[in-house]
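**Q** Please read through the structure below; I'll follow up with questions.
The values are calculated or read from the model by the stated rules, or taken from the named source; none is laboratory data. All values derive from a computational prediction rather than experimental measurement. In this analysis, Cβ positions are derived from the backbone assuming ideal geometry, glycine residues included, and neighbour counts consider all displayed protein chains. Heads up: the accessible areas ignore ligands, DNA and RNA and are worked out on the full protein's heavy atoms, side chains in. Shrake-Rupley method; radii C 1.70, N 1.55, O 1.52, S 1.80 Å.
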Amino acid sequence: MIIDNVTLYHLRMPLRTPFETSFGRALERDCLLLEVSGDGLTGYGECVADRDPGYSYETADTAWHVLQDFMIPALAGQEISGAEDFQRRVSHVRGHPMAKAGLEMALWDLEGKRQGCSLRQLLGGIKDRVEVGVSVGIQSSPEALLGVVGGYLEQGYQRVKIKIKPGRDVAEAQAVRRAFPGLRLQVDANSAYTLETAAALRPLDNLSLLLIEQPLAEDDLWDHHFLQAEFVTPICLDESILSPRHARQALEMQACRVINIKAGRVGGLSQALSIHDLCRAQGVPVWCGGMLETGVGRAANLALASLPGFTLPGDISASERYYVEDITHQRFTLNPDSTITVPDAPGLGVTVDAKAVERVTLKKVTLDMQREA
Ligand code: OSB
Ligand code: MG
């Protein structure tokens with residue numbers, strides 16, 4: 001297809017409750033919404049870069065710059081045949097995986113609408129509902145954490161992830177384990193430890209956790225190898241895996257036993273698919289991570305998580321866990337068995353509420369592709 005124009009929206013959405021991780025506390029979440037028109041159809045994508053470079057170096061502003069000044073002009077006037085072709089055309093842009101992934105998502109949505117196929121079908125997903133859990137931020141105390149976790153269990157979530165950081169780790173995880181002995185529980189450190197300080201995490205190995213997510217720095221692949229050798233609990237990498245090549249090398253060097261896949265972090269759904277295939281061939285479990293997505297990105301995550309290798313519950317919670325007002329007409333809700341139903345309408349299977357978008361838009365630009373050519 002040939003793209004006629006692309007509109008970028010920088011959104012800032014208030015979170016229902018503050019979300020605290022080892023890299024900071026957020027009361028709102030930024031992202032870019034991409035609206036791509038071509039062939040008389042419109043596709044949407046979500047770029048998950050946030051306001052601050054806390055989780056990764058990308059921010060909504062760097063993604064805006066790279067999309068507007070480099071990636072989108074590279075596509076002007078060109079016939080784009082699919083995700084593989086798209087990746088080739090933007091391969092001159094080093095890094096900036098979230099910016100790439102946002103644009104690729106919009107092309108998948110367009111392609112699905114053109115073929116009358118859901119994203120799930122296009123990707124080869126096999127499940128019509130996927131197992132999900134909830135990611136709980138750092139709370140003011142272990143007691144407060146128990147209250148919040150208990151609330152989510154009442155809502156029906158059967159898998160919980162708690163965020164940890166130095167000094168707020170073992171006591172928190174032990175308290176949750178004691179209160180909920182049978183709970184499927186995991187922790188996420190978001191790179192807050194070194195091989196030395198991670199020695200404090202030793203007691204976590206006795207709590208029957210599903211996994212310990214990203215304890216060490218993003219560029220510390222080799223030290224994760226040493227840490228994994230000391231733990232029975234699987235180490236799962238998130239921030240460290242930015243491409244299928246990283247995934248292969250992490251497994252080769254036994255730096256982890258599980259991989260968290262986020263299409264944004266790895267440069268697009270096509271790259272997420274490659275990592276899924278690689279892990280599946282080796283019997284390595286994967287699960288779908290989350291970036292507090294709006295209904296647009298959430299729909300994509302559900303389609304991705306419907307692939308057969310996603311054998312652990314995803315960080316894909318109900319829309320109401322994140323936002324009072326989402327930007328899609330569809331709201332995702334939790335089924336009683338801790339699953340969420342995968343959309344089956346063409347493309348992402350969601351429609352965007354223009355009024356709701358307007359209310360949370362900080363800035364907006366339309367790039368006319370014919371003029372750029
Ligand atoms: O590390 O998985 C993470 C949110 C923002 C940035 C990084 C992470 C997270 C989450 C939330 O854990 C997952 C969700 O979307 O529910
Ligand atoms: Mg994580």
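**Q** Over its Cα atoms, what ratio of radius of gyration to 2.2 N^0.38 Å does segment 300-373 give?
**A** Compactness ratio reported: 1.42.
**Q** Give me the orientation-averaged projected area of the Cα convex hull of segment 1-85, in nm², one decimal.
**A** So the mean shadow area of the Cα hull is 6.5 nm².
**Q** Connecting C-alpha atoms closer than 10 Å in a GNM of the chain, tell me which of R94, R51, R359 has the biggest fluctuation.
**A** The residue that fluctuates most here is R94.
**Q** How charged is the neighbourhood of A281? Take every other residue with its Cβ under 14 Å from the Cβ of A281, and add Lys/Arg as +1 and Asp/Glu as -1.
**A** 0
**Q** Take the solvent-accessible surface of the protein heavy atoms, probe 1.4 Å, and return the percent of it on the chain that carbon and sulfur atoms account for.
**A** Answer for the chain is 50 percent, counting heavy atoms of protein chains only.
**Q** Net charge near A63, counting Lys/Arg +1 and Asp/Glu -1 over other residues with Cβ under 12 Å of its Cβ?
**A** -4
**Q** Which angle between 0 and 90 degrees, to the nearest 10, do you get for helix 221-230 versus the longest principal axis of the chain when only C-alpha atoms count?
**A** 30 degrees
**Q** Mind giving me the FRET efficiency for R89 and E154? R0 is 56 Å, r the Cβ-Cβ distance, nearest 0.05 is fine.
**A** Result of the calculation: an efficiency of 0.70.
**Q** Sticking with this one: Averaged per residue, what accessible surface does the chain expose to a 1.4 Å probe, in Å²?
**A** With all protein chains present, the chain gives 39 Å² per residue.
**Q** In whole Å, what three semi-axes, largest first, describe the equivalent ellipsoid of the chain built from its Cα gyration tensor (square root of 5 times each eigenvalue)?
**A** 33, 22, 19
**Q** Would you mind estimating how fast segment 95-216 diffuses translationally, via Stokes-Einstein at 10 °C and 1.306 mPa s with the Kirkwood radius over Cα pairs, in µm²/s?
**A** For these conditions, the coefficient is 94 µm²/s.
**Q** What is the angle, in °, between the Cα long axis of helix 295-305 and the longest principal axis of the Cα atoms in the chain? Nearest 10 is fine, range 0 to 90.
**A** Taking the Cα atoms of the chain, the angle to 295-305 is about 70 degrees.
**Q** Continuing with the same structure: Would you mind checking K100/K364; K262/K363; K161/K355; K100/K163; K163/K262 for any pair whose Cα atoms are more than 23 angstrom apart?
**A** K262/K363; K161/K355; K100/K163
**Q** Identify all aspartates and glutamates with a Cα-Cα distance to K127 below 13 Å; exclude those on the same chain that are fewer than 8 residues away in sequence.
**A** Result set, ordered by chain and number: D344.
**Q** Rounded to two decimals, what is Rg over Rh for segment 35-164 when you use alpha-carbon atoms and the Kirkwood radius?
**A** 1.09
**Q** How many percent of the alpha carbon pairs in segment 241-373 exceed a separation of 26 Å?
**A** In whole percent, the share of Cα-Cα pairs in segment 241-373 beyond 26 Å is 33.
**Q** May I ask you to derive the relative contact order of segment 1-66, considering only C-alpha pairs under 8 Å and at least 6 residues apart, and to give it as an integer percent?
**A** Worked out over segment 1-66, it gives 29 percent.
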